[in-house]
1. Report whether or not Arg107 is more than 18 Å from Tyr259 (Cα to Cα) and part of a helix (DSSP H, G or I).
2. Out of all the residues in the stretch 228-256, which are within 16 Å of Tyr190 (Cβ to Cβ), of a type in the set (Phe, Trp, Tyr) and part of a helix (DSSP H, G or I)?
3. Can you say whether Arg121 is farther than 15 Å from Asp221 by Cβ and modelled with pLDDT of 90 or more, as far as the supplied structure shows?
4. Could you please give the count of residues in the stretch 140-173 that are basic (Lys, Arg) and at pLDDT 95 or above?
5. Taking Val169 as meeting all but one of (1) more than 19 Å from Ile155 (Cβ to Cβ); (2) in a loop (DSSP other than H, G, I, E, B); (3) touching a helix residue (DSSP H, G or I) at 6+ places or on another chain (Cβ under 7 Å), write down the number of the exception.
6. Does Val164 count as more than 19 Å from Tyr201 (Cβ to Cβ) and buried (at least 21 other Cβ atoms within 10 Å of the Cβ)?
7. Every residue in the stretch 97-118 that is without any contact (Cβ under 8 Å) to a residue 12 or more places away in the chain, under 16 Å from Gly219 (Cα atoms) and not charged (D, E, K, R), please.
8. Which condition does Gly135 not pass, out of (1) surrounded by 10 or more Cβ atoms within 10 Å (Cβ to Cβ); (2) under 25 Å from Val178 (Cβ atoms); (3) not polar (S, T, N, Q), if it passes all the others?
Amino acid sequence: MNRIVKGAVTALATTGVIIWTPQNQAVAQAPTGSAVVVGEHYESSGTGEITLLPNQIYRTEEQIEKEEQESENALAVQNAAKQKIASLAASREDRIKEEKKKAELLRKKRLAEKKAKQEARRRKAIAAYVSASSGSRDRKILERIVEAEAGGESIRGRVLVANVVLNRVKSKKFPSSVEGVVFSHSGSRYQFSPISDGRYYTVRVSSGTRKAVSMALNGDDPSQGALYFMERSYADSSNVSWFDRALNRLFRYGCHEFYK
């Protein structure tokens, strides 16, 4: 942009601009910033004084290179800022994940500690009325009835059945020994069907059942205090009706439903 300071005329050009003042004519060379006066009265009047400002349309190679460098520098700063923001976001995300991981580990640790305390209390209570030693009569009876009732179930399913027997031993509603609970009957009607049909005497106790019984005797108790269980599809209809009417259903696991 070329501007005449005295004369109030402004002109724009790429290679050159002819600028008229009231008394003089001048050629303003935008690229070089020079001016050639073409008027006989210019020197005496002084009204043709010209000030050339940088031409925004026509740029020298130096200007272009400078602008390109400035653009590259600005882009570099912008990219660096983006990388910094991305790095901070990634760092924050990693920190959140780490905090969640620590919180989950702490939660599991507390649950494990709570379970260990519960098992210790349960184990102490069991020891008061059951002989848990290997080869004891209580243990053998418990292993055999669990095998007969739940031999086809998972380890957890067998642990549940073992705990029903142990819960009954502890309850005042039932006999206070494993043998008394397992062989409890009213006339010829036994509490556990494997006693009635003889399966109790023919089963072969598996290593899985021994493991399940050992877990139960050591305090592992997911039974929620269950005192009864049944396999609905095989139970007598009158028994099913009584279970549903008189007892509180707790949950189902495997083929068995557990009640209290």
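1. Details: more than 18 Å from Tyr259 (Cα to Cα): yes; part of a helix (DSSP H, G or I): yes.
So Arg107 fits the description; yes.
2. Trp242
3. It is false that Arg121 is farther than 15 Å from Asp221 by Cβ and modelled with pLDDT of 90 or more.
4. Here is the first cut: in the stretch 140-173, the residues basic (Lys, Arg) are 140, 144, 156, 158, 168, 170, 172-173.
Narrowing the set further to residues that are at pLDDT 95 or above leaves 140, 144, 156, 158, 168.
So the answer is 5.
5. So Val169 meets the others, but not (2).
6. Working: more than 19 Å from Tyr201 (Cβ to Cβ): yes; buried (at least 21 other Cβ atoms within 10 Å of the Cβ): yes.
When the stated conditions are applied, Val164 passes them.
7. Residues of the stretch 97-118 without any contact (Cβ under 8 Å) to a residue 12 or more places away in the chain: 97-117.
Now narrow it down to the ones that are under 16 Å from Gly219 (Cα atoms): 111-117.
Matches in the stretch 97-118: Leu111, Ala112, Ala116.
8. If we test Gly135 against (1) surrounded by 10 or more Cβ atoms within 10 Å (Cβ to Cβ); (2) under 25 Å from Val178 (Cβ atoms); (3) not polar (S, T, N, Q), just (1) comes out false.
The values are calculated or read from the model by the stated rules, or taken from the named source; none is laboratory data. Only a predicted model underlies this, so the values are computations on that prediction, with no experimental measurement involved. All Cβ positions, even for glycine, are placed from backbone atoms using ideal geometry, and neighbour counts span all protein chains on display.
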